[in-house]
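Peer 1: Right, I'll just put the structure down here and ask away after.
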Amino acid sequence: MKNGFKVLWTDHALSELQSTFEYLENNWTEKEIVKLVLKLEHTVELISKNPAMFQVSLEKNGIRQAVVMKHNTLYYRIIGETIEILSFFSNRQNPSRRRF
């Protein structure tokens, strides 16, 4: 049985992830941060095992989106046997700030 697709994070997505966690450390409790981490890990695992399970983005062809929690969405694309995570977007931001 196949173990899943290889998952790679772009520098942009990692930067967004880091900014999100910096904000959360100042404004959320540790319990809430752990909950997000677990949900993020679970979502990435699901994407790795079945990348087509999440909906196609309406903004750009070839990109899919997975809502991690109501405030955060992962945007990714499938390239052969690899998943490239393009963005970890905070849904509280203006959608025009979304970059892939």
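Values in this text are rule-based calculations from the coordinates and carry no lab data. Keep in mind the model is a prediction, meaning the values are calculated, not measured. All Cβ positions, even for glycine, are placed from backbone atoms using ideal geometry, and neighbour counts span all protein chains on display.
Peer 1: Explain nothing, just the number: dipole magnitude of segment 6-91 about its Cα centre with +1 on each Lys and Arg Cβ and -1 on each Asp and Glu Cβ, in debye rounded to the nearest 20.
Peer 2: Once rounded to the nearest 20, the dipole reads 360 debye.
Peer 1: Kindly write out, for segment 51-63 in residue order, the coupling ³J(HN,Hα) from the Karplus curve 6.51 cos²θ - 1.76 cosθ + 1.60 (θ = phi - 60°), rounded to whole Hz, with x marking Gly and Pro.
Peer 2: Rounded to whole hertz, the list is x, 7, 6, 9, 5, 6, 5, 7, 7, 8, 5, x, 10.
Peer 1: Additional query: Note down the relative contact order for segment 6-91 as a percent, whole number, built from C-alpha pairs under 8 angstrom at least six residues apart.
Peer 2: Normalised by residue count, the contact order of segment 6-91 is 36 percent.
Peer 1: What is the angle, in °, between the Cα long axis of helix 30-49 and the longest principal axis of the Cα atoms in the chain? Nearest 10 is fine, range 0 to 90.
Peer 2: Here the helix axis deviates by roughly 10 degrees.
Peer 1: Place +1 on the Cβ of every Lys and Arg and -1 on the Cβ of every Asp and Glu in segment 6-91, take the dipole about the Cα centre, and give the residue among Thr82, Val34, His12 whose Cα lies farthest towards its positive end.
Peer 2: With unit charges placed on the Cβ atoms, the residue in question is Thr82.
Peer 1: Let me ask another. What angle do you read, to the nearest 10 degrees and between 0 and 90, between the alpha-carbon axis of helix 11-27 and the longest principal axis of the chain?
Peer 2: Rounded to the nearest ten degrees, it is 30.
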